[in-house]
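K.L.:
Quick one: the structure is below, questions incoming.
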Amino acid sequence: MAERLSLVDQVRRSLAHCDPPAMDVVVAVSGGPDSVALLRAVEEAITGDIVVAHVNHGWRGAASDTDEVFVRDLTARLRDGGSRVSFKVHRAEPPDERENREAHARRQRYDWLTNVAAACGIHWIATGHTADDQAETVLFRLLRGTGLDGLRGIAPSRPVTDDVGVVRPLLSITRHGVLDYLAELGQDYRIDDSNADRRFTRNRIRHELLPLLAREYNPRVREVLARLAAQAAECHVAFRDAAVELVERAEKRPAGRLVVLDAKVLVIAPMPVLRRAWRLIWERNGWPMGEMGYREWTRLADLCQGKHNALDLPGGIRVRFTGRVIQAGPANGGM
């Protein structure tokens, strides 16, 4: 009972702390234990409208259709019990041969969920990501060589549009806690067998690496990784705010298509803030980001400190240190 109260209380607090508070919610429900626990907890936590939103990707044939029927029937039982719930389903289009299946599915899923929320006049979409998902994400990104931004893992909430956001109320709850809560309710759920496929790195992290770390090194490794993600998020906000202030102080009148910056302001700035400032400049101007990584941002920071006179960067962007100012922009923009 304590676990149940803790999980429901966490969901209630998470929804209440949204801005605006989540009085009505679109709940993304696959039929798996995490999303089913989220739906049942949201049902206990709020008295407003709940839209149960299910995406059928069709990857598992008849099993995918059975997932859809399960979620539809669960919604009907909750509605018959007096809850203000409705059901919506989307049959996803398959990706073309050139597109990554997971990325395609994620984009379709969030696009559709956003449209559902907007059509219903609901500000928040709730997803069932847990503390285990957070730990897996941080480890996965760490192994791929991520920087501080990647270590933030899964955000507790984030905007999708001006009117719709995503919230993850279970992000501090372990999968063990989710299963205990469902057992207390006597609530069944679906199992996606593809989550056990060890050919995928994410699944090997879940079933092999994390259990090994917990067993041999630190039984609280999931908590440690979640805390690391929270600290990285705090650092991200601090660096972002400092970078915004730095760009505002350094920026001069543009020269045509070129960004012009005061070199005296930039030369004394810390390296992490310089890297973030250049990233902000890139994003604001819509310059190509695909091939920009830690090495490129560091070279730009080095240029600000006089270690380079000029740089030619991916996407045809050139940056030049003239002594008093730094100019950046398309290489054909007049440098």
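The values are calculated or read from the model by the stated rules, or taken from the named source; none is laboratory data. Note that the coordinates shown come from a computational prediction; the quantities given were computed from them, not determined experimentally. Ideal geometry is used to build each Cβ from the backbone, glycine not excepted, and the neighbour counts take in all protein chains shown. Just so you know, the surface numbers come from the protein's heavy atoms only, side chains and all, with ligands and any DNA or RNA stripped out. Shrake-Rupley method; radii C 1.70, N 1.55, O 1.52, S 1.80 Å.
K.L.:
How large is the convex hull of the C-alpha atoms of the stretch 101-162 per residue, in Å³?
P.N.:
103
K.L.:
With a ≥ b ≥ c taken as the square roots of the eigenvalues of the C-alpha gyration tensor of the stretch 161-276, please select rounded if a/c is under 1.5 and otherwise prolate if a/b is larger than b/c or oblate if it is not?
P.N.:
Prolate.
K.L.:
Tell me, what is the per residue accessible area of the stretch 207-335 in Å², probe radius 1.4 Å?
P.N.:
Computed with neighbouring chains in place, this is 56 Å² per residue.
K.L.:
Now for a separate question. Which residue fluctuates most in the GNM of the chain (Cα springs below 10 Å): GLY153, GLY32, GLY306?
P.N.:
GLY306
K.L.:
Can you bin the stretch 132-201 into rounded, prolate or oblate? Criterion: square roots of the alpha carbon gyration tensor eigenvalues sorted a ≥ b ≥ c, rounded for a/c under 1.5, prolate for a/b above b/c, oblate for the rest.
P.N.:
oblate
K.L.:
Separate question: I'd like the accessible area for ASP24: 1.4 Å probe, protein heavy atoms, all chains in place, Å² to the nearest 10.
P.N.:
Its accessible surface works out to 60 Å², give or take rounding.
K.L.:
Let me ask something else. If each residue of separation counts as 0.36 nm, what is the full-extension length gain between ARG106 and VAL89 once their alpha-carbon separation is subtracted?
P.N.:
Gain on stretching ARG106 to VAL89: 4.6 nm.
K.L.:
Return the label of the correct value of volume of the Cα convex hull per residue in Å³, as calculated from the structure shown, out of [x] 151; [y] 167; [z] 139.
P.N.:
Looking at volume of the Cα convex hull per residue in Å³ for this model, the match is [y].
K.L.:
Also, I was wondering about something else. Just MET23, MET289, MET271 to compare: in a GNM of the chain, with alpha carbon springs under 10 Å, which one fluctuates most?
P.N.:
MET289
K.L.:
Please compute the Kirkwood hydrodynamic radius over the stretch 1-153, one decimal place, Å, based on all pairs of different Cα atoms.
P.N.:
Result for the stretch 1-153 stands at 16.8 Å.
K.L.:
I'd like the projected area of the stretch 249-327, averaged over all directions, using the convex hull of its alpha carbons. Report it in nm² with one decimal.
P.N.:
Averaged projected area of the stretch 249-327's Cα convex hull equals 4.7 nm².
K.L.:
Which percent of Cα-Cα pairs in the stretch 45-86 sits in each 5 Å bin, short to long?
P.N.:
5, 23, 25, 18, 14, 9, 5, 0
K.L.:
Between ASN218 and THR66, what is the label-point separation in nm under the 7 Å Cα-to-beta-carbon projection?
P.N.:
4.0
K.L.:
When the solvent-accessible surface of protein heavy atoms is calculated with a 1.4 angstrom probe, in what order do VAL167, VAL267 fall, highest first?
P.N.:
VAL267, VAL167
K.L.:
Further, regarding this structure: Cα to Cα, under 25 Å, and not fewer than 8 places away if on the same chain: which lysines meet these conditions relative to LYS252?
P.N.:
LYS264, LYS307
K.L.:
Of the residues GLY31, GLY315, GLY290, which exhibits the maximal mean-square fluctuation in a Gaussian network model of the chain defined by a 10 Å Cα contact cut-off?
P.N.:
Highest fluctuation of the listed residues: GLY290.
K.L.:
Give me the accessible area of LEU78, 1.4 Å probe, in Å² rounded to the nearest 10.
P.N.:
The accessible area comes out at roughly 10 Å².
K.L.:
Can you give the accessible area of ARG206 in Å² (nearest 10), computed on protein heavy atoms with a 1.4 Å probe?
P.N.:
50
K.L.:
Another question about this same structure. For the chain, with all protein chains present and a 1.4 Å probe, just round the carbon and sulfur fraction of the accessible area to a whole percent.
P.N.:
On the chain, the fraction of accessible area on carbon and sulfur atoms equals 50 percent.
K.L.:
Looking only at the chain, where both bridge partners belong to it, what percent of the DSSP beta bridges are antiparallel (to the nearest 5)?
P.N.:
In the chain, DSSP labels about 50 percent of beta bridges as antiparallel.
K.L.:
Okay, moving on. How much net charge surrounds CYS18 when only other residues with a Cβ under 14 Å from its Cβ are counted (Lys, Arg +1; Asp, Glu -1)?
P.N.:
Its environment carries a net charge of +1.
K.L.:
Could you rank LYS307, LYS252 by how accessible they are, 1.4 Å probe, largest area first?
P.N.:
The most accessible residue leads, giving LYS307, LYS252.
K.L.:
Let me ask you something else. Could you work out how much longer the chain between ARG144 and LEU185 gets when fully extended? Use 0.36 nm per residue separation minus the Cα distance between them, nm to one decimal.
P.N.:
Gain on stretching ARG144 to LEU185: 10.9 nm.
K.L.:
Here's a follow-up. Extending each Cα 7 Å along its Cβ direction at ASP49 and VAL267, get the distance between those two points in nm, one decimal.
P.N.:
Each label point lies 7 Å from its Cα, and together they span 6.1 nm.
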